[in-house]
2 protein chains.
Amino acid sequence: MDPNLVRTFMTVARLGSFSAAAAELGYTQSAVSQQIATLEADLGTPLLSRRPVAPTGAGERRLQHAGPLLLRIRAARADVRRVAAAPAHRLTLAAGPLALGPAVAARLARARVRLPRLTVTVRACAAGEAARLVAGGEAELGLVAGIAAPSDPLRLPDVGPLTATGAEEEPLVVALPDGHPLAGRAGLRLADLVDARWLRTPLCPLERLRDLAGDGFRAGLHYTGDDLRTVTSLVAAGHGLTLLPASAAPGVPLLAPRLVHRVELVHGALPPGPAADLAAALAPS
Amino acid sequence: MDPNLVRTFMTVARLGSFSAAAAELGYTQSAVSQQIATLEADLGTPLLSRRPVAPTGAGERRLQHAGPLLLRIRAARADVRRVAAAPAHRLTLAAGPLALGPAVAARLARARVRLPRLTVTVRACAAGEAARLVAGGEAELGLVAGIAAPSDPLRLPDVGPLTATGAEEEPLVVALPDGHPLAGRAGLRLADLVDARWLRTPLCPLERLRDLAGDGFRAGLHYTGDDLRTVTSLVAAGHGLTLLPASAAPGVPLLAPRLVHRVELVHGALPPGPAADLAAALAPS
DNA sequence: GGGATCCATCAGGAACGCTTATAGCACATG
DNA sequence: CATGTGCTATAAGCGTTCCTGATGGATCCC
């Protein structure tokens, strides 16, 4: 119910201790104990087992709700403040991995010429973070990238009424090791590669490929970062294949299914002003 | 911040009056005035213009967040209570329009034979309502239907950590008026029908078709209900075309793009028990 | 077994939020 | 133009809530 109680519960669960949570939140241990008791009474079921302190089944479930819930609350605050705030001449553009390619960069350059008083900060962020940063108000605009069918919108985490508009679509290529037998081809079909070994990276999630092209796509090395150079090096060394936008790395064009590297611009409420102008310039639609 | 304040704000905005909202919520007018003042102070901006009472720009934006936010809060409560509750022998299955077809019905029948002590209530609901009913705890299971590429998951409104599993996929047919020149064909391509007039109904949203097959799909009559007989009658009378699952009505099979009528079963946390058994029986995966 | 640590409980006090009462404002009416 | 009516804002009072500080009981470690 009360977001503060939820925050306390999250902290206790994370730290595994009422006392430590109290210290972190600036409460007394007694207050934390009472807050948890209130929450448990409200739901009619224990959320934490004591000694040691660990979430119960119901508590685990409650925790799964807690993060998105608090995010939405923050998003509502941030969105309203954005509407009410004076038009800003400084804004932050959160860009996920592979989201800021040549085409968007060029459009950004043109827009900055037209909007000389605007100071833009581009902030790199992890895959899936951009929408959260925009929702939470830490960035005014966000760029997210993903693999999709042409003009098919990306699936963004739902963190409130964000506007998402297509900003760029680019062909995909299959990145292959140097001496790979298929490296000379003029084009490849994904169906022919289901049995190959694939790199598992946030830049090219294998679950997405299975959604789009059926089962298969055995995972080789698992890389959790988002550095393009690392990925291309891993591919060259034969750890597995991956899909990349054509402008990012050399590779063999993907012919079928018809998939593209799609970039979308996401933003919340944008009152008329430089931020809205920039958004319009980045996502001409 | 406090959900109660948000609820008060929504009520005031809906009724256009502090006094009326106070009466409806069982507060005094003074309390409502103070609550709105608190909310505005917290956000640092007016949410309502007074005399007459109407939302400001920021208030409009806040209202857009309010509904989903309260829904998520309810969803969290309902989900946790579901985990903690004793295994129920009565449960409700919310079924959206066209979601409960022959295959699912047959599986439900088989499951009820195996689970004789289970009492099932099937509750029809509007398109898009099923997920909300499940999230809010009014139904344990939900069936939603939509048009999608084969094994492509549907896009459900994000109301919390719901599990969605494919329950059925069925070919689509194009429903045509009786004497339509294409009625005799063995199959049709959507691309050949972009310029036809289409019925606009929740059962076959034209935006979805445009997503999947490009622009076009001119809207003829707009029907807001979900009665299948009404839709087939409207089609027969020439008001427009529509897509339906093959089992629902006669029509010409849709050949391309490869789209299916997909049904998914959605549910929240299901502790072992009859509800989980039924879910497993309905969505064999 | 003794000490330390941790959570639950209790009592007291501060803070919050609602009610009652009243002031202030806009608009309609005579 | 004065007045009444209907609305919201503000002030004071008060009950409830929620936090603090102290204490008790349980568990773990030495």
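The values are calculated or read from the model by the stated rules, or taken from the named source; none is laboratory data. A quick note: this is a predicted structure, and the numbers were derived from the prediction, not measured. Positions of Cβ are backbone-derived with ideal geometry, glycine not excepted, and every protein chain shown enters the neighbour counts. With ligands, DNA and RNA removed, areas are computed over all heavy atoms of the protein, side chains included. Shrake-Rupley method; radii C 1.70, N 1.55, O 1.52, S 1.80 Å.
Of the conditions (1) within 13 Å of DNA strand D (Cβ to nearest atom); (2) farther than 25 Å from A:Arg72 by Cβ, B:Gly26 clears all except one; give me its number.
(1)
Residues to consider are A:Leu133, A:Leu70, A:Leu91; find the one that is open to solvent by less than 20 Å² (accessible area, probe 1.4 Å) and over 15 Å from the mean Cα position of the chain (by Cα). Break it down stepwise before answering.
On the way: A:Leu133 fails: over 15 Å from the mean Cα position of the chain (by Cα); A:Leu70 fails: open to solvent by less than 20 Å² (accessible area, probe 1.4 Å).
After ruling out the rest, the residue left standing is A:Leu91.
Does B:Gly220 satisfy the criteria of being of a type in the set (Gly, Ala, Ser), without any contact (Cβ under 8 Å) to a residue 40 or more places away in the chain and crowded, with 16+ Cβ neighbours inside 10 Å? Outline the logic, then answer.
On the way: of a type in the set (Gly, Ala, Ser): yes; without any contact (Cβ under 8 Å) to a residue 40 or more places away in the chain: yes; crowded, with 16+ Cβ neighbours inside 10 Å: yes.
Here the answer is yes, as B:Gly220 does meet what is asked.
From A:Pro205, A:Pro177, grab the single residue that is over 27 Å from the mean Cα position of the chain (by Cα) and at pLDDT 85 or above.
Values: A:Pro205 fails: over 27 Å from the mean Cα position of the chain (by Cα).
Sole residue among the options that is over 27 Å from the mean Cα position of the chain (by Cα) and at pLDDT 85 or above: A:Pro177.
Identify all residues within the range A:161-177 that are out of contact with any Ser or Thr (no Cβ under 7 Å at 6 or more places or on another chain) and part of a strand (DSSP E or B); write none if there are none.
The first filter runs over the range A:161-177 and keeps only residues out of contact with any Ser or Thr (no Cβ under 7 Å at 6 or more places or on another chain), leaving A:161-164, A:167-169, A:171-174, A:176-177.
Scanning the range A:161-177 gives A:Thr163, A:Ala164, A:Ala167, A:Glu168, A:Glu169, A:Pro171, A:Leu172, A:Val173, A:Val174.
Can you confirm whether B:Arg210 is under 17 Å from B:Arg258 (Cα atoms), free of Cβ contacts under 8 Å to residues at least 24 places away in the same chain and either of a type outside the set (Val, Ile, Thr) or part of a helix (DSSP H, G or I) (or both)?
Details: under 17 Å from B:Arg258 (Cα atoms): yes; free of Cβ contacts under 8 Å to residues at least 24 places away in the same chain: yes; either of a type outside the set (Val, Ile, Thr) or part of a helix (DSSP H, G or I) (or both): yes.
Answer is yes for this residue.
Out of everything in the range A:81-110 that is in a helix (DSSP H, G or I) and without any contact (Cβ under 8 Å) to a residue 40 or more places away in the chain, what residue ends up being nearest to the other protein chains (Cβ to nearest Cβ)? Steps first, answer last, please.
To start, the set of residues in the range A:81-110 that are in a helix (DSSP H, G or I) comprises A:81-84, A:102-110.
From what's left, without any contact (Cβ under 8 Å) to a residue 40 or more places away in the chain: A:84, A:105-106, A:109.
Working: A:Ala84: 3, A:Ala105: 28, A:Ala106: 26, A:Ala109: 30 Å.
Looking at the filtered set, the residue picked out is A:Ala84.
State yes or no: is B:Thr8 among the polar types (S, T, N, Q) and within 14 Å of chain A (Cβ to nearest Cβ)?
Considered against the rule, which asks whether it is among the polar types (S, T, N, Q) and within 14 Å of chain A (Cβ to nearest Cβ), B:Thr8 comes out as no.
What about B:Leu47, is it open to solvent by less than 30 Å² (accessible area, probe 1.4 Å), under 23 Å from A:Asp2 (Cα atoms) and away from DNA strand D (no atom under 11 Å from the Cβ)? Outline the logic, then answer.
On the way: open to solvent by less than 30 Å² (accessible area, probe 1.4 Å): yes; under 23 Å from A:Asp2 (Cα atoms): yes; away from DNA strand D (no atom under 11 Å from the Cβ): no.
So B:Leu47 fails the test.
Restricting attention to the range A:34-42, does a residue exist that is away from chain B (no Cβ under 13 Å), buried (at least 22 other Cβ atoms within 10 Å of the Cβ) and not in a strand (DSSP E or B)? Talk me through it step by step, then tell me what you get.
In the first step, residues of the range A:34-42 are kept if they are away from chain B (no Cβ under 13 Å); the result is A:34-38.
With the extra rule that they be buried (at least 22 other Cβ atoms within 10 Å of the Cβ), the set shrinks to A:35-36.
The next check asks that each one be not in a strand (DSSP E or B); those that pass are A:35-36.
Yes, that holds for at least one residue.
Got a sec? Which of B:Ala13, B:Ala58, B:Ala78 is within 14 Å of chain A (Cβ to nearest Cβ), part of a helix (DSSP H, G or I), modelled with pLDDT of 90 or more and more than 10 Å from DNA strand D (Cβ to nearest atom)? Please lay out each step first, then the result.
Numbers: B:Ala58 fails: modelled with pLDDT of 90 or more; B:Ala78 fails: modelled with pLDDT of 90 or more.
After applying the criteria, what remains is B:Ala13.
Per-residue answers, yes or no, for (1) touching a residue at least 12 places away in the same chain (Cβ under 8 Å); (2) within 7 Å of DNA strand C (Cβ to nearest atom):
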{"residue": "A:Val6", "(1), (2)": "yes, no"}
{"residue": "A:Phe9", "(1), (2)": "yes, no"}
{"residue": "A:Ala23", "(1), (2)": "no, no"}
{"residue": "A:Ser30", "(1), (2)": "no, yes"}
{"residue": "A:Thr38", "(1), (2)": "yes, no"}
{"residue": "A:Leu43", "(1), (2)": "yes, no"}
{"residue": "A:Pro46", "(1), (2)": "yes, no"}
{"residue": "A:Arg51", "(1), (2)": "no, yes"}
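Would you point out which residue out of A:Ala281, A:Ala183, A:Ala269 is surrounded by fewer than 20 Cβ atoms within 10 Å (Cβ to Cβ), assigned to a loop (DSSP other than H, G, I, E, B) and among the aliphatic types (A, V, I, L, M)?
Values: A:Ala281 fails: assigned to a loop (DSSP other than H, G, I, E, B); A:Ala269 fails: surrounded by fewer than 20 Cβ atoms within 10 Å (Cβ to Cβ).
Selected residue: A:Ala183, the only one of A:Ala281, A:Ala183, A:Ala269 that is surrounded by fewer than 20 Cβ atoms within 10 Å (Cβ to Cβ), assigned to a loop (DSSP other than H, G, I, E, B) and among the aliphatic types (A, V, I, L, M).
Can you find even one residue in the range B:131-150 that is outside the structural domain of B:Ala246 (by TED's automatic domain parsing), of a type outside the set (D, E, K, R), touching a Pro at 6+ places or on another chain (Cβ under 6 Å) and modelled with pLDDT of 85 or more?
Quick first cut of the range B:131-150, residues outside the structural domain of B:Ala246 (by TED's automatic domain parsing) only: B:131-150.
If we keep only those that are of a type outside the set (D, E, K, R) as well, we get B:131, B:133-137, B:139, B:141-150.
Okay, now just the ones that are also touching a Pro at 6+ places or on another chain (Cβ under 6 Å), so B:131.
The next check asks that each one be modelled with pLDDT of 85 or more; those that pass are B:131.
There is at least one residue in the range B:131-150 that is outside the structural domain of B:Ala246 (by TED's automatic domain parsing), of a type outside the set (D, E, K, R), touching a Pro at 6+ places or on another chain (Cβ under 6 Å) and modelled with pLDDT of 85 or more.
Please go through the range B:242-269 and give me each residue that is at pLDDT 85 or above and within 18 Å of B:Arg81 (Cα to Cα), ordered by number.
B:Val266, B:His267, B:Gly268
Please verify whether A:Arg7 is more than 14 Å from DNA strand D (Cβ to nearest atom) and modelled with pLDDT of 90 or more, treating the condition exactly as stated. So that I can check it myself, show each step before the final result.
Working: more than 14 Å from DNA strand D (Cβ to nearest atom): no; modelled with pLDDT of 90 or more: yes.
Answer is no for this residue.
Just to be sure, is A:Ala31 within 16 Å of DNA strand D (Cβ to nearest atom), modelled with pLDDT under 90 and open to solvent by less than 60 Å² (accessible area, probe 1.4 Å)?
Values: within 16 Å of DNA strand D (Cβ to nearest atom): yes; modelled with pLDDT under 90: no; open to solvent by less than 60 Å² (accessible area, probe 1.4 Å): yes.
When the stated conditions are applied, A:Ala31 does not pass them.
Give the residues of the range B:188-204 that are within 26 Å of B:Asp152 (Cα to Cα), free of Cβ contacts under 8 Å to residues at least 60 places away in the same chain and open to solvent by less than 50 Å² (accessible area, probe 1.4 Å), sorted by residue number.
Listed by number, the residues that qualify are B:Leu193, B:Val194, B:Trp198, B:Leu199, B:Thr201, B:Cys204.
Would you mind telling me which numbered condition in (1) free of Cβ contacts under 8 Å to residues at least 24 places away in the same chain; (2) open to solvent by less than 30 Å² (accessible area, probe 1.4 Å); (3) of a type in the set (Val, Ile, Thr) A:Val113 fails?
Tallying (1) free of Cβ contacts under 8 Å to residues at least 24 places away in the same chain; (2) open to solvent by less than 30 Å² (accessible area, probe 1.4 Å); (3) of a type in the set (Val, Ile, Thr), A:Val113 fails exactly one: (2).
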